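The values are calculated or read from the model by the stated rules, or taken from the named source; none is laboratory data. Source: prediction; values computed, not measured. Every residue, glycine among them, receives a Cβ derived from its backbone with ideal geometry; neighbour counts consider all protein chains shown. In case anyone asks, the SASA skips ligands and DNA or RNA and just uses the protein heavy atoms, side chains included. Shrake-Rupley method; radii C 1.70, N 1.55, O 1.52, S 1.80 Å.
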Amino acid sequence: MATRHNLCQNPALANNNSGWGGASTPARVSVSGFGRSTAAEYTAGSYGATAATSTGAVTVGATYTLSVYVRTVSSQVNSGTLFIEWLNAGGSGFGYPSANYTLSTQVLTRLSITATAPANAVACRLIVDGINFPINTTHISMVLTEETATLDTYFDGDTAGATWDGTPGNSASTFVDSATITATGTAGAIRLRPGSATITAAQAAPVSAAAGTVRLRAGAGQVTAVQNASPAGSSGRIVTRAGSGAATAAAAVALTGAAGSIRLRAAQPLITAVQQQTLTGRAVSIRVRAGRGQVAARTPSAGDIAIRLGATRRGWAARSSRR
């Protein structure tokens, strides 16, 4: 499970245009087609005027990838330049590593650049150069400033599974990304457990190992999606347990192996959907157990199925099986 940080202080102008500038101060406007509903609108400045995004803190010697989404309204930009402006403790800019870009009319385009923070740098921002704003209204939003050498998907504190580090919309943000987690080895394993938090997505997590295991447990939190987790091995298995939280979806889970199994147990809470589990092998099985909770739906397609509902003195229990 990777923890990501968007260091930009005002990435999508959710509340205001604080920190945005350049040759002119942009207006904060509503937009469509972006992943967020607001953007900076640049309409003023001479030819070649620049747009400057909000800043994010950096550490000297660390490598950062910055990106931003840009869309021009009226004409194509055949040649422009994207800069990183490093800022010192006094707020003065220096450095300016660059990358070229092109834009097509009314096509939302993501621009990005990667560089290492030099001596005396405490913050940085993106500078977009090469657009004649007075005759080519331009919308800019969704800045990602991340300590990484590789461009990744955009997020901010409004992304599912992410949080704002400070004021919502006007601070850095943190995202615990449980997607595309890979473990390999003779006893490779993936373990996802949020404690009292939430796992919002566990997708495409393959384990290739003789005893590979994927374990998803919400603790007192919640597992909201478990998809496409397919270990291959002689005793590979997936274990999903909600603890005192809830597992709301466990879909498209496929295992192969002589003793592969899927075990889903709700304990006290509820497993609301269990579907499309397919197993192949000599002693494969699906086990669904609600404990004192409830299994509301199940649509397994093959293998040995056992369903057990917990019982109390005044309640009832049911057991069903099929081969």
message: I need the full set of residues from the range 117-162 which are surrounded by 15 or more Cβ atoms within 10 Å (Cβ to Cβ) and among the hydroxyl-bearing types (Ser, Thr, Tyr), in order please.
response: Thr137, Thr138, Ser141, Thr145, Thr148, Tyr154, Thr159
- request: Report the residue count in the range 6-30 for those that are crowded, with 20+ Cβ neighbours inside 10 Å and assigned to a loop (DSSP other than H, G, I, E, B).
  value: 8
field: Selection status of Ala99, among the small types (Gly, Ala, Ser), touching a strand residue (DSSP E or B) at 6+ places or on another chain (Cβ under 7 Å) and without any contact (Cβ under 8 Å) to a residue 40 or more places away in the chain
entry: yes
task: Quickly run through the range 66-98 and pick out the residues that are among the β-branched types (Val, Ile, Thr) and closer than 21 Å to Leu13 by Cβ.
output: Val68, Val70, Thr72, Val73, Ile84
query: Can you name the residue in the range 40-88 that is open to solvent by 10 Å² or more (accessible area, probe 1.4 Å) and in contact with a Lys or Arg (Cβ under 8 Å, 6 or more places away or on another chain) and is also nearest to Asn136 (Cα to Cα) among such residues?
result: Glu41
- prompt: Is there any pair linking a residue in the range 57-86 that is closer than 23 Å to Ala39 by Cβ and in contact (Cβ under 8 Å) with a residue 24 or more places away in the chain to one that is of a type in the set (A, V, I, L, M) and loosely packed, with under 14 Cβ neighbours inside 10 Å, with Cβ under 8 Å and at least six apart or on different chains, and which?
  reply: Thr65/Ala149; Arg71/Val107; Ser74/Ile135; Ser75/Ile135
query: What about Ser37, is it open to solvent by 50 Å² or more (accessible area, probe 1.4 Å), free of Cβ contacts under 8 Å to residues at least 24 places away in the same chain, closer than 18 Å to Leu144 by Cα and of a type outside the set (A, V, I, L, M, F, W, C)?
result: yes
task: With respect to Gly95, determine if the residue is among the small types (Gly, Ala, Ser), open to solvent by less than 30 Å² (accessible area, probe 1.4 Å), over 19 Å from Ser171 (Cα atoms) and part of a strand (DSSP E or B).
output: no
message: Looking at (1) under 23 Å from the mean Cα position of the chain (by Cα); (2) touching a residue at least 60 places away in the same chain (Cβ under 8 Å); (3) farther than 19 Å from Arg125 by Cβ; (4) not in a strand (DSSP E or B), which one does Thr3 not meet, given that it meets all the others?
response: (4)
- request: Could you please let me know if Ser178 is among the hydroxyl-bearing types (Ser, Thr, Tyr), at pLDDT 95 or above and in contact with a Leu (Cβ under 9 Å, 6 or more places away or on another chain)?
  value: no
